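Okay, so here's the structure we're looking at.
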Ligand code: SAH
């Protein structure tokens, strides 16, 4: 049996340069190929026009370029685009382009399915199948950048890791993908325009702080009371708020980067005065802002968006204490592209 060809994008630039040296070519050829793979997003060796035919054949004989394929693109009436992205092994994840008047944001997935069990999230109902590779994350960004240029006449401006999966449970690959995205040999994007969102894995938040990452951190908080949080995000039992707080304090000490808390207000779950007071207390630990996200129902009606009055009470209380609070309206609901709705329905 012929040995399986390697995915060339799993190689570092140095390894590709080495391959050429070993094949009696110049190391520089490796730089050219690397640029095709990452900067120009080449899908085939054939398209590498400044590489000789015989060299392309050598590449073809030794490697494959595993590439994602956008299987289906859906466009919402509000301009939001959702891509169903097929991976080389046939699995599917989703990513979303969210346009506003001033920016285009890509919301990308980090895992196929999710191993966490947030009870209000559609992705949680899919079993976690596997982690995405760095190139699979990178490709989602590239596809959205292309769509942004095509449909909105401007490049992608921001990235949020708020698609399927828990990015901190696929930390190494997320970091490698961000390296490529921010590198001048990739998209050259500023890390300040990238936000990694986590359900709150304390150990990994500390690791990120130690790694001195330059992107931003968002935490899906949803409740600052342990019992309530555990009832809607059961893994909170293992990672209680005390540990989360300690990790966030450590993060801020090391990075001086303000944290965003994502928070949905649900009827009968976290819409009482005690819930607001607990959030105010939690917000006092580390410099932060709060994004109140509109709830996107995921069918069985167990969770319902709280009344406007309840949401207003949150806003008033936070503002009175001087905290920044934004209300995030959902986008792309008609195509199931909003927060928590990514579940490979189609
Ligand atoms: N696992 C990561 C990233 C993915 S979720 C995290 O938890 O942060 C992206 C955001 O959507 C999270 O803040 C999540 O709590 C929120 N979310 C999940 N389901 C939702 C729903 N049905 N309506 C609104 N927001 C939801």
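With 18 Å as the cut-off, how large is the P(r) tail for the range 130-244, expressed as percent of Cα-Cα pairs? Mind showing how you got there, number by number?
Values: 3557 of 6555 pairs.
Percentage above 18 Å: 54.
With a point put 7 Å past each Cα toward its Cβ, work out how far residue 304 is from residue 203 in nm, to one decimal.
Distance between the two pseudo-spin positions: 4.1 nm.
Compare the peptides 213-224, 183-194 by average per-residue count of other Cβ atoms within 10 angstrom and give them in order, highest first. Please list the in-between numbers first.
On the way: 213-224: 21.7, 183-194: 15.1.
Per-residue mean Cβ counts within 10 Å order the peptides as 213-224, 183-194.
Normalising by the residue count of the chain, find the relative contact order in percent from Cα pairs under 8 Å and 6+ residues apart. Walk me through the intermediate numbers first.
Working: 626 pairs, mean separation 49.1, N = 346.
Across the chain, relative contact order equals 14 percent.
Extension gain residue 190-residue 18, at 0.36 nm per residue separation less the Cα-Cα distance, in nm? Mind dumping the intermediate values first?
Details: separation 172, 0.36 × 172 = 61.92 nm, distance 2.97 nm.
Extending this stretch completely gives an extra 58.9 nm.
How far apart, in nm, are two points set 7 Å out from the Cα along the Cα-to-Cβ line at residue 5 and at residue 88?
Taking the simple label geometry, residue 5 and residue 88 are separated by 1.0 nm.
Can you give me the relative contact order of the range 6-64 as a percent, contacts being Cα pairs under 8 Å and 6 or more apart? Could you put the intermediate results ahead of the total?
Working: 43 pairs, mean separation 19.8, N = 59.
Normalised by residue count, the contact order of the range 6-64 is 34 percent.
Between residue 285 and residue 149, what is the FRET efficiency for a Förster distance of 41 Å, r being their Cβ-Cβ separation, to the nearest 0.05?
0.50
In whole Å, what is the distance between the alpha-carbon centres of the range 24-97 and the range 291-344?
About 36 Å separates the Cα centre of the range 24-97 from the one of the range 291-344.
Given the DSSP H assignment, sum -39500 (n - 2.57) over each helix run of at least 4 residues in the chain and divide by its residue total; what's the result at 222 nm in deg cm²/dmol, nearest 500? Could you put the intermediate results ahead of the total?
Values: 10 runs with 114 residues, N = 346.
My calculation for the chain gives -10000 deg cm²/dmol from helical runs alone.
Assuming 0.36 nm per residue, please report the length gained on full extension of the stretch residue 176 to residue 71 beyond their Cα-Cα distance. Display every interim value, and only then the final one.
Working: separation 105, 0.36 × 105 = 37.80 nm, distance 2.48 nm.
Going from the current span to full extension adds 35.3 nm.
Using 0.36 nm times the number of residues separating residue 320 and residue 242, minus their current alpha carbon distance, what extension gain do you get?
Computed gain between residue 320 and residue 242 is 25.6 nm.
Relative to the longest principal axis of the chain, what angle (0 to 90°, nearest 10) does the C-alpha long axis of helix 13-22 take?
20
Angle check, please: helix 53-62 long axis (alpha carbons) against the longest principal axis of the chain (alpha carbons), in degrees 0 to 90, nearest 10.
60
Rounded to whole Å and sorted largest first, what semi-axes of the equivalent ellipsoid does the C-alpha gyration tensor of the chain yield via the square root of 5 times each eigenvalue? Could you put the intermediate results ahead of the total?
Values: eigenvalues 317, 88, 65 Å².
Output for the chain: semi-axes of 40, 21, 18 Å.
What is the angle, in °, between the Cα long axis of helix 273-283 and the longest principal axis of the Cα atoms in the chain? Nearest 10 is fine, range 0 to 90.
Value to nearest ten degrees: 50.
For the chain, what proportion of DSSP beta bridges, expressed in % and rounded to the nearest 5, is antiparallel? Display every interim value, and only then the final one.
Values: 19 of 44 bridges.
Among the beta bridges of the chain, antiparallel pairing accounts for roughly 45 percent.
Quick one: P(r) of the range 6-64 from all Cα-Cα pairs, 10 Å bins, percents rounded to integers, in order of increasing distance.
24, 67, 9
Computed from the coordinates by the stated procedures, all read-outs in this text should not be read as laboratory data. Keep in mind the model is a prediction, meaning the values are calculated, not measured. Note: ideal-geometry Cβ built from the backbone for every residue, glycine included; neighbour counts use all protein chains shown.
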